[in-house]
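The values are calculated or read from the model by the stated rules, or taken from the named source; none is laboratory data. What you see is a predicted model; the values in this text were computed from it and never measured. Heads up, the Cβs are rebuilt from the backbone with ideal geometry, glycines too, and the neighbour counts pull from every protein chain shown. Accessible surface areas use protein heavy atoms only, side chains included; no ligands, DNA or RNA. Shrake-Rupley method; radii C 1.70, N 1.55, O 1.52, S 1.80 Å.
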Amino acid sequence: MSSFIKGKYRRSLFNGENGYIVGLFKISDADEENQDLIGETVVFTGYFIELNENDTYVFNGKFIIHQKYGEQFNVESYERCMPEEKDSIVEFLSSGLFKGIGEKKAQKIVDVLGKETLNIILENPNNLLLIKGITAKNVSDLHDTLEEYQASYKIVLALNDLGFATKDSMIIYNHYHSRTLDVIDENIYRLYEDIKEISFKKVDVIALKSGYANDDLRRIKASILYVMNEVCNTYGHSYLYFDEIYNFVNRCLNCFIGEDKYSSSLNSLVLDLKVIKEDTRYFLKEMYEDEMLIVNRIHYLSGLNRQKIKNLDTMIHELEESQDIKYNDEQLLAIRKSQENHFLIITGGPGTGKTTIVKAIVDLYQDITGLGYDKLTEKIALLAPTGRASKRLSETTNLPAYTIHRFLKWNKELDHFQINEYNKSDVEFVIIDEGSMVDVNLLASLFRGLRSDTKIIIVGDYNQLPSVGPGQVLKDLIESDVLDVIKLNYLYRQSSDSNIINLAYDINGGNVDEKIFNKGSDLFFKEADSIDILEQVKRICHSYKNIDYKDFQILVPMYKTLNGIDNINRAAQEIFNPKSPLKKEIKVGDVLYRENDKVLQLTNMPEENIFNGDLGIIKKIDKKEIVVDFDDNEVRFTPANFNKFQLGYAISIHKAQGSEFKTVVLPVTREYNKMLYRKLYYTGITRAKKELYMIGDLIYLRKASQNNDSDIRRTTIKERMIKVVEERDEQVKKEN
């Protein structure tokens, strides 16, 4: 339920883009529920045109509890109260808003014109010339400033009348200011193109209501940009073709657009450089630039002369002795090249010692540079795409490790990275773990935030699932076959006769031998019909109901169906965390949460140091907040953020990527249909460290192992990498 508070703006604590403000507000009046706050100063947040200390405002909204900053008034709409008393009008006119008007002149004006001063200035400004000491310039400035002051609110009201919410109206006005209505009159779809917070669908509904034709060229052009962005992010492509864009546009606009109009619109976007055409391929400008940046940066780094390090082999040998370890030839080569090269990829499947090598690389770099702990952490950055992967990296190296988002200082309110091409990091050496999960846009953003000569090593298993976002960067770079790539093949982890690891390699090779199951203490397969799978999962859960939540995980490819994530979560909740009078509960939508429930974080919240895929335990529930403990990091969620997590007893394989669990339960059934493909089950299997229970039908596990075509992505990094290296080699030949 919405509340109101009335009072004066005191000062800003934070000013973001598009008018977002966090500030202090002194309350002089309020609704009945908040009468006790009169005279108090509170923190507020919201979108504003401008706020002046001398004005009185009415804020409409509600009090919320921010996870980090406590109670705040979230402003949904507001109005400025024009001063009505003579003293208030004098204060307003002499506030500094009006040039050339000090307190004395303001007092003279009000003495003559009284309480109608502001209306007279707007409607009959020449009356001010009758006042001694008031010049024609004073009159002009007063009128123009007050008119502009009023106009901003009229524009916001006009946007509201069109159908935009107050928050969107504020964002739109703060982007265009006095040009707002002119821009809308010219092309309302510019709002979608220019302002990332404004959605195409919202603009489209308002445009059609305002009289735009279904086949208006402005509508078609905006829909092309929208469709290309949506399709590329859904399917992981970096480019699309003419016909498929055309088909998606017709579906998006829910009408038939003639090919001539579509072609004309697409060509216009190409001429405006909003879409890049390369042969028969069409790229969004940002995607094209990101792929080019990645290729050019890696090409530059790989072309730099190798660093010569004295006594490198001796130092590696001393490292082996100090760590009481013997590196194999593959590992030695990787460790050596990690110090000599400016760019290197290290790849390998589970159990091949990738983690061991990363620790060796960091330790050797410290030996070579002679840096102490503090200086070392300034010069080297250990990064991963997920919170759990970065935590594992930190535990391995005994150094701080970060998600890429946190390293780049992602600003939630502004939705951009504060470490960028204009504010680069000073680190000299970057190691990226779980490289298969890094998409084109994120890697390009990282490169923009690094100096061009920063040494980079990417570590990962490119047989795992590709990134959620567009691209398949690690796979493309490795398969280009023109870069230094160390492929680790020798098995270490869990011993080379681990049934789990052997199954993973069998799956990756397209083979499944049923004899591998149920012969040891680590890998089990329980044959079950689809209707019996849930009961089998529940039996296993009963056997592990007292285990630490971080050690046991059910992985499921789909959310719906009888054996989907949602249904299994409900069943597992009753086993691991049954109803009790000692535990508070709350229902959010169709999901019941109770204290001690295991939950999965669904979005990145770098300011709280939690990220998409993190798992936690609900510690406390009340009406205003749910407190979740993520590995001793307690985060407070308000009702507005209850949709940022879900039950986490069963999670998708995609969400589990970058994590490992001692025990994993992984069903496989005909129900999962299109999700039965090699990379998905390879990734799921490799999440298990000690025990893996598979339940279902071996026929469909074999089907998954043989299906390697379900996630084919169209990207250009591989071919561009090959091309630039060939051109470089050709140039070297000519020079010699």
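Would you check if residue 313 is more than 36 Å from the chain's Cα centre (by Cα), over 30 Å from residue 506 (Cβ atoms) and modelled with pLDDT of 90 or more? Taking the combined requirement at face value, the residue satisfies it.
Scanning region 557-581 for residues that are open to solvent by less than 30 Å² (accessible area, probe 1.4 Å), closer than 25 Å to residue 632 by Cα and touching a helix residue (DSSP H, G or I) at 6+ places or on another chain (Cβ under 8 Å) turns up 572, 575.
For region 698-709, a tally of residues being touching a helix residue (DSSP H, G or I) at 6+ places or on another chain (Cβ under 7 Å) and open to solvent by 10 Å² or more (accessible area, probe 1.4 Å) returns 4.
Meeting the requirement of 3 or more residues that are among the β-branched types (Val, Ile, Thr) and out of contact with any strand residue (DSSP E or B) (no Cβ under 8 Å at 6 or more places or on another chain), the helices (runs of 4 or more DSSP H) wholly within region 33-151 are 103-113, 117-123. The requirement of being surrounded by fewer than 17 Cβ atoms within 10 Å (Cβ to Cβ), hydrophobic (A, V, I, L, M, F, W, C) and touching a residue at least 60 places away in the same chain (Cβ under 8 Å) is fulfilled nowhere in region 130-144; no residue meets it. Scanning region 341-358 for any residue that is surrounded by fewer than 18 Cβ atoms within 10 Å (Cβ to Cβ) and basic (Lys, Arg) turns up nothing. Residue 500 falls short on exactly one of the conditions (1) in a loop (DSSP other than H, G, I, E, B); (2) under 34 Å from the mean Cα position of the chain (by Cα), and that condition is (1). Within region 289-316, the set of residues being open to solvent by less than 50 Å² (accessible area, probe 1.4 Å), out of contact with any His (no Cβ under 8 Å at 6 or more places or on another chain) and either in a helix (DSSP H, G or I) or not hydrophobic (A, V, I, L, M, F, W, C) (or both) comprises 290, 291, 293, 294, 295, 297, 298, 299, 303, 312, 315, 316.
For every residue, the table says whether it meets (1) surrounded by 21 or more Cβ atoms within 10 Å (Cβ to Cβ); (2) not small (Gly, Ala, Ser).
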position	(1), (2)
422	no, yes
429	no, yes
433	yes, yes
453	no, yes
464	yes, yes
480	no, no
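Of the candidates 54, 18, the single residue that is under 17 Å from residue 149 (Cα atoms) and open to solvent by 20 Å² or more (accessible area, probe 1.4 Å) is 54. The residue list 627, 665 contains one member that is in contact with a helix residue (DSSP H, G or I) (Cβ under 8 Å, 6 or more places away or on another chain) and open to solvent by less than 50 Å² (accessible area, probe 1.4 Å), which is 665. Considering region 77-96, and only residues there that are surrounded by fewer than 16 Cβ atoms within 10 Å (Cβ to Cβ) and touching a helix residue (DSSP H, G or I) at 6+ places or on another chain (Cβ under 7 Å), the residue that is modelled with the highest pLDDT turns out to be 86.
When 552, 517, 576, 525 are checked against the criterion of being within 17 Å of residue 649 (Cα to Cα), among the aromatic types (Phe, Trp, Tyr) and out of contact with any Ser or Thr (no Cβ under 7 Å at 6 or more places or on another chain), a single residue qualifies: 576. The set of residues from region 163-179 being under 17 Å from residue 204 (Cα atoms) and buried (at least 17 other Cβ atoms within 10 Å of the Cβ) comprises 164, 168, 169, 172.
When the residues of region 97-108 are filtered to those that are surrounded by fewer than 19 Cβ atoms within 10 Å (Cβ to Cβ) and within 30 Å of residue 171 (Cα to Cα), the one that is modelled with the lowest pLDDT is 97. For region 634-661, residues that are in contact with a helix residue (DSSP H, G or I) (Cβ under 8 Å, 6 or more places away or on another chain) and over 30 Å from residue 351 (Cβ atoms) total 4. The residue list 519, 584, 619 contains one member that is open to solvent by 60 Å² or more (accessible area, probe 1.4 Å) and within 30 Å of residue 500 (Cα to Cα), which is 519.
Selection within region 233-271: residues that are open to solvent by 80 Å² or more (accessible area, probe 1.4 Å) and part of a loop (DSSP other than H, G, I, E, B). The member of this set that is nearest to residue 189 (Cα to Cα) is 254. Set side by side, the residues 614, 590, 551 differ, and just one is under 23 Å from residue 467 (Cα atoms) and acidic (Asp, Glu), which is 614. Working only within region 244-294, note down all residues that are of a type in the set (Val, Ile, Thr) and farther than 26 Å from residue 421 by Cα. Within region 244-294, 245, 249, 257, 280 meet the criteria. Residue 69 falls short on exactly one of the conditions (1) surrounded by fewer than 17 Cβ atoms within 10 Å (Cβ to Cβ); (2) at pLDDT 75 or above; (3) closer than 26 Å to residue 3 by Cβ, and that condition is (2). Picking from residues in region 34-50 that are open to solvent by 20 Å² or more (accessible area, probe 1.4 Å) and either of a type in the set (Ser, Thr, Tyr) or modelled with pLDDT under 85 (or both), the one that is nearest to the chain's Cα centre (by Cα) is 47. Residue pairs whose Cβ atoms lie under 6 Å apart, separated by 6 or more positions or on different chains, with the first residue in region 149-160 and open to solvent by 20 Å² or more (accessible area, probe 1.4 Å) and the second modelled with pLDDT of 75 or more, are 160/169.
Within region 214-244, if we keep just the residues that are touching a helix residue (DSSP H, G or I) at 6+ places or on another chain (Cβ under 8 Å) and among the polar types (S, T, N, Q), the residue that is farthest from residue 264 (Cα to Cα) turns out to be 238. Applying a threshold of 6 Å to beta carbon distances and a minimum spacing of six or more residues, or different chains, the list of pairs starting in region 382-404 at a residue that is within 18 Å of residue 427 (Cα to Cα) and at pLDDT 95 or above and ending at one that is among the aromatic types (Phe, Trp, Tyr) and open to solvent by 10 Å² or more (accessible area, probe 1.4 Å) reads 383/402; 383/407. If the condition is being surrounded by fewer than 17 Cβ atoms within 10 Å (Cβ to Cβ) and in contact (Cβ under 8 Å) with a residue 40 or more places away in the chain, then region 207-232 contributes 209, 210, 214, 215, 217, 229. Cβ-Cβ contacts under 7 Å between residues 6 or more apart (or on different chains), taken from a first residue in region 511-528 that is farther than 21 Å from residue 707 by Cβ to a second residue that is small (Gly, Ala, Ser) and open to solvent by less than 30 Å² (accessible area, probe 1.4 Å), are listed as 522/498; 528/696.
Taking the criterion of being closer than 22 Å to residue 390 by Cβ and among the hydrophobic types (A, V, I, L, M, F, W, C), the residues of region 451-491 that qualify are 456, 457, 458, 459, 465, 468, 473, 474, 477, 488.
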